[in-house]
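So the structure is just underneath, and the comments pick up after that.
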Amino acid sequence: MPDTGKTVQSQTSLRDASHLPDAEEVKAFMDEAIREAINGMEEGGIPIGSVLVRKGKIIGRGHNRRIQFGDPTAHAEIDCLRAAGRLRSYKDTILISTLMPCAMCAGATVQFGIPIVIAGENRTFASSSEFMQVNGVHIVDLNLDECYEMLAQFAKEHPSLWSEDIGVEPSYEPQ
């Protein structure tokens with residue numbers, strides 16, 4: 001059985017985070033992810049948005065479409081990756097999302113070797129940031145109130161939809 005420490009080390013060495021954008025670029029890309037989240041909300045969905053960036057340009061964008069498509073896998077990050085299309089390599093990309101990725105989206109991030117994830121917030125629910133870090137992904141949590149408040153308001157107004165999205169049984173109050 002191989003040493004798991006070496007496995008993690010080899011995965012970590014494959015991820016180069018040297019192409020981290022400057023603060024102005026991060027803000028511009030996050031603004032685009034927020035626009036995607038608003039688009040999702042306007043469509044009647046959950047307000048989470050994401051963009052995939054390569055060499056300073058957005059190559060994919062998406063938002064959570066679980067409700068709109070009736071598809072449990074249609075999270076913002078997955079929608080964004082689908083929009084980017086098939087890429088030979090993700091090693092020089094950056095995934096930017098209004099919410100820190102869940103286990104499914106973190107799995108896709110690790111699977112495709114995306115080296116950097118920048119999230120608008122990591123307060124709304126227990127994310128998979130630690131899993132990504134252990135697998136060599138450079139994590140940046142901007143802790144933006146704008147992202148947190150948009151999703152917290154949605155969760156307050158639509159608790160059943162939010163519970164469904166994060167895979168938690170909704171709690172029902174007797175009437």
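Rounded, prolate or oblate: which fits the chain when a ≥ b ≥ c are the square roots of the eigenvalues of the alpha-carbon gyration tensor, with rounded for a/c under 1.5 and prolate only if a/b beats b/c?
Prolate, since a/c reaches 1.5 and a/b exceeds b/c.
To the nearest 10 square angstrom, how much accessible area does Phe69 have with a 1.4 angstrom probe?
The accessible area of Phe69 comes to roughly 120 Å².
Have a look at Lys57, Lys91, Lys156 and tell me which one the Gaussian network model of the chain (Cα, springs below 10 Å) gives the largest fluctuation.
Looking only at Lys57, Lys91, Lys156, the largest GNM fluctuation is found for Lys156.
Could you run the Karplus curve 6.51 cos²θ - 1.76 cosθ + 1.60 with θ = phi - 60° over the range 97-108 and give me ³J(HN,Hα) per residue in whole Hz, x for Gly and Pro?
Couplings: 9, 5, 10, 4, x, 6, 4, 5, 6, 5, x, 5 Hz.
How high is the relative contact order of the range 60-141? Use alpha-carbon pairs under 8 Å, at least six apart in sequence, and give a whole percent.
25 percent
What residue among Asp145, Asp165, Asp79 has the largest mean-square fluctuation in a Gaussian network model of the chain, using Cα springs under 10 Å?
Looking only at Asp145, Asp165, Asp79, the biggest GNM fluctuation is shown by Asp145.
Given axes a ≥ b ≥ c from the Cα gyration tensor, I'd like to know whether the range 55-134 is rounded (a/c under 1.5), prolate (a/b larger than b/c) or oblate.
The shape class here is oblate.
Provide the packing ranking of 49-55, 148-154, i.e. peptides ordered by the mean count of other C-beta atoms within 10 Å per residue, highest first.
Per-residue Cβ counts within 10 Å, averaged per peptide and sorted highest first, yield 49-55, 148-154.
Quick one: Cα centre-to-centre distance for the range 48-79 and the range 84-123, in angstrom?
Taking the Cα centre of the range 84-123 as reference, the centre of the range 48-79 is 10 Å away.
Kindly count the pairs of lysines across the chain whose alpha carbons are less than 19 Å apart, treating pairs on different chains or eight or more residues apart as eligible.
Lysine pairs, 8 or more places apart or on different chains, close enough: 4.
Enter the accessible area of His19 (Å², nearest 10), with the probe set to 1.4 Å and all protein chains included.
50 Å²
Do the sum for the chain: with -39,500 (n - 2.57) for every DSSP H run of n ≥ 4, divided by all residues, what is the mean residue ellipticity at 222 nm, to the nearest 500 deg cm²/dmol?
-13500 deg cm²/dmol
For an R0 of 35 angstrom, estimate the FRET efficiency from the Cβ-Cβ distance between Leu87 and Ser160 and round to the nearest 0.05.
Step by step, r from the Cβ atoms, then E = 0.45.
So, with a 1.4 angstrom probe, what is the percent of accessible area on the range 26-131 that is carbon and sulfur?
In the range 26-131, the share of accessible area belonging to carbon and sulfur is 52 percent.
The values are calculated or read from the model by the stated rules, or taken from the named source; none is laboratory data. Note that the structure is predicted; figures quoted are calculated from it, not measured. Positions of Cβ are backbone-derived with ideal geometry, glycine not excepted, and every protein chain shown enters the neighbour counts. For the accessible areas, the whole protein counts, side chains as well, though only heavy atoms, and no ligand, DNA or RNA atoms are used. Shrake-Rupley method; radii C 1.70, N 1.55, O 1.52, S 1.80 Å.
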